[in-house]
1. Hey, can you tell me all the residues within the range B:420-451 that are out of contact with any Lys or Arg (no Cβ under 8 Å at 6 or more places or on another chain), surrounded by fewer than 21 Cβ atoms within 10 Å (Cβ to Cβ) and hydrophobic (A, V, I, L, M, F, W, C)?
2. For B:Leu185, work out the one condition from (1) assigned to a helix (DSSP H, G or I); (2) open to solvent by 10 Å² or more (accessible area, probe 1.4 Å); (3) in contact with a Pro (Cβ under 9 Å, 6 or more places away or on another chain); (4) within 9 Å of chain A (Cβ to nearest Cβ) it doesn't fulfil.
3. For the structure I just gave you, tell me whether A:Ser48 is facing another protein chain (nearest Cβ under 10 Å), touching a residue at least 40 places away in the same chain (Cβ under 8 Å) and surrounded by 15 or more Cβ atoms within 10 Å (Cβ to Cβ).
4. Give the range A:103-112 a look and list any residue that's within 17 Å of A:Ala178 (Cβ to Cβ) and not polar (S, T, N, Q), or say none.
5. Inspect all residues belonging to the range B:131-140 and state whether any of them is touching a Phe, Trp or Tyr at 6+ places or on another chain (Cβ under 8 Å), buried (at least 22 other Cβ atoms within 10 Å of the Cβ), at pLDDT 95 or above and farther than 16 Å from B:Tyr38 by Cβ.
6. Which residues, taken from the range B:409-444, are among the aliphatic types (A, V, I, L, M) and in a helix (DSSP H, G or I)?
7. Between a residue in the range B:191-203 that is facing another protein chain (nearest Cβ under 7 Å) and any residue that is part of a helix (DSSP H, G or I) and hydroxyl-bearing (Ser, Thr, Tyr), which pairs come within a Cβ distance under 9 Å, given they are 6 or more apart or on different chains?
8. Among all residue pairs at least 6 apart or on different chains, which show Cβ distances below 7 Å where the first residue, located in the range B:417-434, is closer than 11 Å to B:Phe505 by Cα and in contact (Cβ under 8 Å) with a residue 40 or more places away in the chain and the second is part of a helix (DSSP H, G or I) and among the aromatic types (Phe, Trp, Tyr)?
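The values are calculated or read from the model by the stated rules, or taken from the named source; none is laboratory data. Note that the coordinates shown come from a computational prediction; the quantities given were computed from them, not determined experimentally. In this analysis, Cβ positions are derived from the backbone assuming ideal geometry, glycine residues included, and neighbour counts consider all displayed protein chains. All accessible areas refer to the heavy atoms of the entire protein, side chains included, with ligands and DNA or RNA removed. Shrake-Rupley method; radii C 1.70, N 1.55, O 1.52, S 1.80 Å.
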Amino acid sequence: MPISVTNQDYGRIHLVADSRRQPLLASSVMGMLLFVLIEAMLFAGMISAYSIIRSGAMIWPPPDQPRLPIEETAINTAALMLSGLLLFVAHRRFRRDRARARTPLLLSMLLGAVFVVFQGVEWVALIREGFTLTSSSQGSFFYLIVGMHALHAVAALGVLAYVALRLQRGWLASSQLAAAEVFWYFVVGMWPIIYLVVYL
Amino acid sequence: MAETLTAASSHGEHAHGEMSFWSKYVFSTDHKVVGLQYMFTGIFMGLIGGFMAYAFRMQLAFPGVEVPGYGLVSPVDYNALVTNHGTIMIFWVAMPVLVAAFGNYLIPLMVGADDMVFPRLNRLSYQVFLLSAIVLICSFFVEGGGFGGAWTAYPPLSAQSQYNLTPLGSSLWLVAVGLEFVAFLIGGINFITTAMNSRAPGMKAYDIPMIVWMIVVASIMFMASVGPLLAGAVMLFMDQNIGTAFFDPDRGGDPILWQHLFWFFGHPEVYVVLLPATGLVADIITVFSRKKLFAYRTVLYTVFATGVLSFTVWAHHQFVAGIDPRMAHVFTVTTLLISIPIAEMMFVYIATLYGGSITLTTPMLWALAFIAEFLIGGVTGVFLGASGADIYFHDTYFVLAHFHYTFFPIAIIGFYAGISFWFPKMFGKMMNETLGKIHFWGTVIPFNLIFIPLFVLGASGQHRRIYDFSHFPNLSAPWQQDLRILATSALLVMLAFQSVFLVNFVWSLWKGRKAGKNPWKSNTLEWTAESPPPHGNWSELPTVYRGPYEYGVPGRDSDYWPQNEPN
């Protein structure tokens, strides 16, 4: 049966089959968790490759390379952590009173955007100092890993923006919020590992 | 369409109107259409891969001779042919046909769902896959030709175009492989979520047909293993095009690193394609021996064990690459360990056959051939897993014959077993048994005649990836050349017999006997739907009361007991 009825509340195709049992995890959350598993393994591959090259190098960091901005990035890391926390607050509020979820959600997105923009500013400064993708293997891995994380952060911010839009219009299902949360927590949770391994 | 309309209106939902050709067959979100799209694309790519094998086998048997239908095979051509033959057969034939085609077609039908959980993602998966196939085919026609750095793409051969001589082809190859992975990741998310969340009420974990379990486990393995290779592919692409030096030892990189990233994926990948094939063999042999699958739970735990172990064996591909010999010992042990669960599965299948009332239909013949041929592949793998023996066998035709004895049963025999079994469900017609059996013997006998000589040649020291053996006096004894000619002739016979399958396929579509709902008297849910099932599969979704393999239950009139019958 083509159950492609557009439900006004959700605006997506509804199938009958997954409404016939109460799954432990909503399909959207499970799908996002699987996606996160893939991406976690992607980062695991890059980070372990970095560790192998680093431990095999005679001198590390390579000579004539500028120092990475550890302190500034620590502040930026805190901003990202706070953003994750605010999303959790938004989740708690959403369960009781949908309207009150809006402020923490928007603040969370704002802090996430600040993180991405600050990373961009940092990159520009580093490139000016002669730290580029091809200047050394440290540079190659730095831009590869941090860039891949930034890509995920931007994508996840897009998902959060979509969620915020649906919340505004009153169309947001709790499973959709949960799926977006899984993605953003992944971005937030991945970052301290990258900070520890790549910056320190 | 008539059934679709009644089905829809019976649910009080508004119905689809008549769908145009495009929305029904090309941009459909229906899991069955997506599955068939994957299958036909896979068959088409298989024809290309087979043609490549024909061209380079002709060069090996008759060096320097103009190959009919191809022309002269130059050394650069030869490299591109062997590279893309391997790539196509694994990533564009085995994966789409076994995992994507059967997974898409069967999972919703076998778990009693009306479609995948994410139908539009499913369509996107096929579209990305099609794009990847187009990119790969385009790479043959760019300047320098298709990628010629072997399907494992080891740097520096793959990273630097002065070595592989295919500057554009190698980048396009990487892009194509990357897109193909993205396609299967999207598909895999669908498979797992559907099998977990959309099962019919009453279908508990141990009531799921084996092939569904196996495709789910294979998808999880694929997802968990492909990340490092995707990372490696990005790094290799940057090495090729941006001037980074991830894999260049002169500038602080490490070429062995690629091998680890590649094989961390590459070895689980073997099991990713093996599991769906063993799963469909389980479903076929139970039907045609009218007997319950021996030790369902044990098989399932074995599958999980295989999945976990397969992540710990990858470095057995690198015994001679300069890894620490102590590490080689560890990987020898894990590699020999993984042969235990696989051997156990084969024993379970033989135990299932024991005492059954066996009917040798075409699908059953293919399933039995799978067990027999795969066992040869598995047994020869033990020699290669032991690091001491592998030093001598490494990169010889012994390795080549070994993995063809695993991949051919998986990809080709597994596909023919599956398609001859589910053809009635897919198209509503029976395939011709006589033609099917001619095709079976015409494929399996030549297959052995191709690769047994290659085992012998490999043991005599014949190295892989050599364009013309007449340049090597130790490898060009007359008996060796005779064996090469034997292998190539057997390949020609085997390729010729594939036309029997194509004729049978088209003829059965046209003139085949009507199949009805359940021609094999099988228990699983897909056989309770119409053949072919309409969009949405059932007018009323089924409920499940028992496991999938209740054949020949004592005290019942009929020897099968469909999963959806209350008693």
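1. B:Phe427, B:Leu435, B:Ile438, B:Trp441, B:Ile445, B:Leu449, listed by residue number.
2. That leaves (3) as the condition not met.
3. Working: facing another protein chain (nearest Cβ under 10 Å): yes; touching a residue at least 40 places away in the same chain (Cβ under 8 Å): no; surrounded by 15 or more Cβ atoms within 10 Å (Cβ to Cβ): yes.
Against the criterion (facing another protein chain (nearest Cβ under 10 Å), touching a residue at least 40 places away in the same chain (Cβ under 8 Å) and surrounded by 15 or more Cβ atoms within 10 Å (Cβ to Cβ)), A:Ser48 does not qualify.
4. A:Pro104, A:Leu105, A:Met109
5. Yes, some residue in the range B:131-140 is touching a Phe, Trp or Tyr at 6+ places or on another chain (Cβ under 8 Å), buried (at least 22 other Cβ atoms within 10 Å of the Cβ), at pLDDT 95 or above and farther than 16 Å from B:Tyr38 by Cβ.
6. Taking the range B:409-444 first, the residues among the aliphatic types (A, V, I, L, M) are B:410-413, B:417, B:419, B:426, B:430-431, B:435, B:438, B:444.
Scanning the range B:409-444 gives B:Ile410, B:Ala411, B:Ile412, B:Ile413, B:Ala417, B:Ile419, B:Met426, B:Leu435, B:Ile438, B:Val444.
7. B:Ile192/B:Ser219; B:Thr193/A:Ser27; B:Thr193/A:Ser28; B:Met196/A:Ser27; B:Asn197/A:Ser27; B:Ser198/A:Ser27
8. Pairs that qualify, where the first residue is closer than 11 Å to B:Phe505 by Cα and in contact (Cβ under 8 Å) with a residue 40 or more places away in the chain and the partner is part of a helix (DSSP H, G or I) and among the aromatic types (Phe, Trp, Tyr), are B:Ser420/B:Trp366; B:Met431/B:Phe423; B:Asn432/B:Trp507.
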